[in-house]
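*Asks:* My questions will all concern the structure given below.
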Amino acid sequence: MITEGGHVGKVGRTGSWEPDTCGLTCDDIENGFPDNVRTSSGDALRPLLIVEAANPEWTSVPLVGWNLARSIMARTNGLIVTQIRNREAFLRAGLVQDRDFVTIDNERVAHLLHRLSKYLRGGENKGWTVVTALSSFSYYSFEREVWRLLGDRLRAGEFDLVHRITPLSPTSQSSIATRLRKHKIPFVLGPLNGGLPWPKGFSGVRSREREWLSLFRKLYRLMPSYRATRVQAAALIAGSRHTLSELPESCVKRAFLIPENAVDPERFPFRLRELSGNRLAVAFVGRLVPYKGADILIEAVAAYRGRLDIDVLIIGDGPQRSELEDAVRRKGLGDKVRFAGWVDQKDLAATLSGCHVLALPSVREFGGGVVLEAMSMGLVPIVANYGGPPELLDEQSGISVDFNDRKTLTAGFLAAFEKLDASPDLVAFLSNGAAMRVRQRYTWDVKADEMLQIYKWVVARSPKPIF
C-alpha cells in the first residue's frame with residue numbers, strides 16, 4: 001500500500017484505456033503498490049480536479065471538496081477548477097490563480113436557479129432535496145464552461161486524468177464524460193453520496209422538512225448524461241453503502257467504497273476521555289432541524305435516572321431552536337442543557353474539548369464529518385444506526401443505536417447512557433479506539449493516498465487497489 005504522506009507520480013496515459021475494464025481482479029493483489037510512480041519523463045502525475053464546491057471557510061460539501069483537493073494537490077502537479085464564488089477564499093488560503101486553480105463563472109445560471117429553489121423549498125433550512133435538484137441543473141452550465149476553458153488543454157494531453165470531486169450528489173451528471181472518453185482521458189467520479197431514503201416511522205419529520213421531492217428522487221436517472229456519466233467513468237467512488245448499491249451493475253468492477261469525509265488530526269487533537277467522577281458531558285453538533293434529532297437527545301436525557309450527572313451542550317442553530325428551548329424548560333433541564341449557537345469551524349475543537357461524548361440522533365445523515373472530528377479528539381460517538389455515521393464506527397470506537405421509530409430511537413440513546421453508567425471504563429476504551437480508527441482510516445492524508453492508488457490503476461493499468 002502507499003504509505004501515509006508518501007509522494008506518488010504518474011506512469012502516463014495509454015491509448016488503450018477502456019471504461020468497462022478494471023485491470024486485474026482484487027484477488028490478484030498480493031504486495032500492494034510501489035510509491036513514487038513517475039512518467040517516463042520523470043514528471044509527477046497531473047490530474048485536473050473538478051471541485052465546483054470547494055471552500056476552506058465554509059462547512060459541509062465545500063469543506064470536503066477543499067480538503068480532499070488540497071491533499072491531492074500536495075502529492076501531484078494537479079490543477080483545481082472551481083466556481084468563481086470560491087476565488088477569494090482560495091487566494092486568502094495562499095493559492096495562486098492560474099497556477100494552482102482556475103475559476104468558472106456560471107453565476108448567472110447558478111444564481112437564477114438558487115433563487116428559484118428558495119421559492120420552492122418551503123422555508124429556510126427546509127426542502128434540501130429541491131436545492132440539490134436545481135443545483136444539479138446549474139451544474140450542466142458549469143461543465144460546459146469547463147470544457148470551453150480547458151478543452152484545448154485536455155485534448156493536447158496536458159492532464160493525465162480528470163477527477164470530479166464535487167458535486168457529491170449522484171443527481172449531478174457530468175456531460176464531459178463522453179468527450180473525455182473520445183480523447184482517451186480517464187475520468188474518475190466521486191465520492192458520490194446522497195439519496196438516502198427516509199426511514200420508516202419518520203414520515204412526519206419528512207413533512208416538517210418539506211422533503212416532498214425526495215419521493216420522486218429516482219427521476220434523476222432520466223437526466224441528460226446520466227448513463228454516459230457512469231458508463232464512461234474509469235472509476236466511480238461511492239461515499240456510502242447506499243450510494244454504492246445504487247450504481248448500475250455494469251459499474252461494480254470499477255467502483256470503490258470510500259466515505260467522503262475525513263479529518264485533520266492536528267486541528268482536532270486527541271485527549272483520552274475518562275469518567276473520573278459522575279459527570280458525563282455530552283455534545284450535539286448540527287443544524288437545529290427536526291431530522292437531526294436534538295429533541296430526541298433531550299427526551300433521552302430527561303428519561304435517564306442513573307447515577308451520572310449528564311450535561312448537554314447543543315452546538316448549532318436553526319428554526320427548531322425555540323421549540324427545543326421550550327422542551328428544556330418544560331422538562332426541568334435548564335441546569336443540564338446549554339445552547340451554544342453557531343460555532344465557527346476553527347473554534348469547534350476548543351468548544352468540544354470538555355466533552356466526553358458526541359450524540360447524533362440524526363435519522364437521515366449522509367456523511368457524518370462531525371463524527372470523525374469528535375472521534376479524532378477522543379469523544380465517544382453515539383449515533384443513530386442509519387446512513388453514513390454508523391459506517392464510520394466499529395464496536396471498539398463507538399455506539400450505534402438501532403431504531404425503527406422515534407420511541408425506539410429515544411429508548412436506544414437512553415440505553416446507551418445506561419451502558420456507560422454501568423461500565424464507566426467503557427468511555428476510555430471507546431475514546432482511545434475512536435482516535436485510533438480515525439488516524440488509521442479517516443485522515444485527509446489517507447484519503448488522498450487512496451485516490452492516488454485509484455489514479456495509478458486507471459492511468460497505468462496496475463492492479464485494482466483494495467481499501
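*Asks:* Could we say that R164 is surrounded by fewer than 22 Cβ atoms within 10 Å (Cβ to Cβ) and either among the basic types (K, R) or farther than 24 Å from W212 by Cβ (or both) here?
*Replies:* no
*Asks:* Here is a list: G306, G286. Which entry is touching a helix residue (DSSP H, G or I) at 6+ places or on another chain (Cβ under 9 Å), at positive phi and not polar (S, T, N, Q)?
*Replies:* G286
*Asks:* Kindly list the number of the only condition in (1) outside any loop (DSSP other than H, G, I, E, B); (2) within 23 Å of P463 (Cβ to Cβ); (3) touching a Ser or Thr at 6+ places or on another chain (Cβ under 9 Å) that fails for A233.
*Replies:* Checking A233 against (1) outside any loop (DSSP other than H, G, I, E, B); (2) within 23 Å of P463 (Cβ to Cβ); (3) touching a Ser or Thr at 6+ places or on another chain (Cβ under 9 Å), the one that fails is (1).
*Asks:* V282: touching a Cys at 6+ places or on another chain (Cβ under 8 Å) and among the hydrophobic types (A, V, I, L, M, F, W, C), yes or no?
*Replies:* Yes, satisfied.
*Asks:* Is it true that L116 is at pLDDT below 95 and either surrounded by fewer than 18 Cβ atoms within 10 Å (Cβ to Cβ) or farther than 17 Å from I176 by Cβ (or both)?
*Replies:* So L116 fits the description; yes.
*Asks:* Do we find that S141 is under 23 Å from the mean Cα position of the chain (by Cα), without any contact (Cβ under 8 Å) to a residue 40 or more places away in the chain and either surrounded by fewer than 23 Cβ atoms within 10 Å (Cβ to Cβ) or assigned to a strand (DSSP E or B) (or both) in this structure?
*Replies:* no
*Asks:* Pick from segment 254-273 the residues that are in a loop (DSSP other than H, G, I, E, B) and among the aliphatic types (A, V, I, L, M): which of them is surrounded by the fewest Cβ atoms within 10 Å (Cβ to Cβ)? Outline the logic, then answer.
*Replies:* First, the residues of segment 254-273 that are in a loop (DSSP other than H, G, I, E, B): 258-262, 264-273.
Still in the running and among the aliphatic types (A, V, I, L, M): 258, 262, 272.
Values: I258: 20, A262: 25, L272: 10.
If we take residues in segment 254-273 being in a loop (DSSP other than H, G, I, E, B) and among the aliphatic types (A, V, I, L, M), then L272 is surrounded by the fewest Cβ atoms within 10 Å (Cβ to Cβ).
*Asks:* Given the criterion in the same structural domain as W58 (by TED's automatic domain parsing) and assigned to a loop (DSSP other than H, G, I, E, B), identify the matching residue among R87, R108, R115, R75.
*Replies:* R75
*Asks:* Does segment 112-136 hold any residues that are under 21 Å from the mean Cα position of the chain (by Cα) and over 25 Å from L288 (Cα atoms), and which are they?
*Replies:* Just the residues of segment 112-136 that are under 21 Å from the mean Cα position of the chain (by Cα), to begin with: 125-136.
Within segment 112-136, S136 is the sole residue that qualifies.
*Asks:* What is the number of the single condition among (1) outside any loop (DSSP other than H, G, I, E, B); (2) touching a residue at least 24 places away in the same chain (Cβ under 8 Å); (3) surrounded by fewer than 24 Cβ atoms within 10 Å (Cβ to Cβ) that S400 does not meet?
*Replies:* It is condition (2) that S400 fails.
*Asks:* Tell me which residues, restricted to segment 239-253, are more than 10 Å from the chain's Cα centre (by Cα) and either of a type in the set (G, A, S) or crowded, with 24+ Cβ neighbours inside 10 Å (or both).
*Replies:* Answer for segment 239-253, where residues must be more than 10 Å from the chain's Cα centre (by Cα) and either of a type in the set (G, A, S) or crowded, with 24+ Cβ neighbours inside 10 Å (or both): T243, S245, S250.
*Asks:* List the number of the failed condition for L288; all other conditions in (1) more than 30 Å from P463 (Cα to Cα); (2) in contact (Cβ under 8 Å) with a residue 40 or more places away in the chain; (3) crowded, with 20+ Cβ neighbours inside 10 Å hold.
*Replies:* The number of the failed condition is (2).
*Asks:* Still on this structure, please answer the following. Do you know which residues across segment 412-427 are surrounded by fewer than 18 Cβ atoms within 10 Å (Cβ to Cβ) and either of a type in the set (V, I, T) or outside any helix (DSSP H, G or I) (or both)?
*Replies:* Within segment 412-427, S423, P424 qualify.
*Asks:* Only one of A349, A359 is modelled with pLDDT of 95 or more, crowded, with 24+ Cβ neighbours inside 10 Å and either aliphatic (A, V, I, L, M) or assigned by TED's automatic domain parsing to the domain that holds G239 (or both); which?
*Replies:* Of A349, A359, the one residue that is modelled with pLDDT of 95 or more, crowded, with 24+ Cβ neighbours inside 10 Å and either aliphatic (A, V, I, L, M) or assigned by TED's automatic domain parsing to the domain that holds G239 (or both) is A359.
The values are calculated or read from the model by the stated rules, or taken from the named source; none is laboratory data. Everything quoted here is computed from the prediction, not taken from an experiment. Cβ: placed from backbone, ideal geometry, glycine included. Neighbour counts: every protein chain shown.
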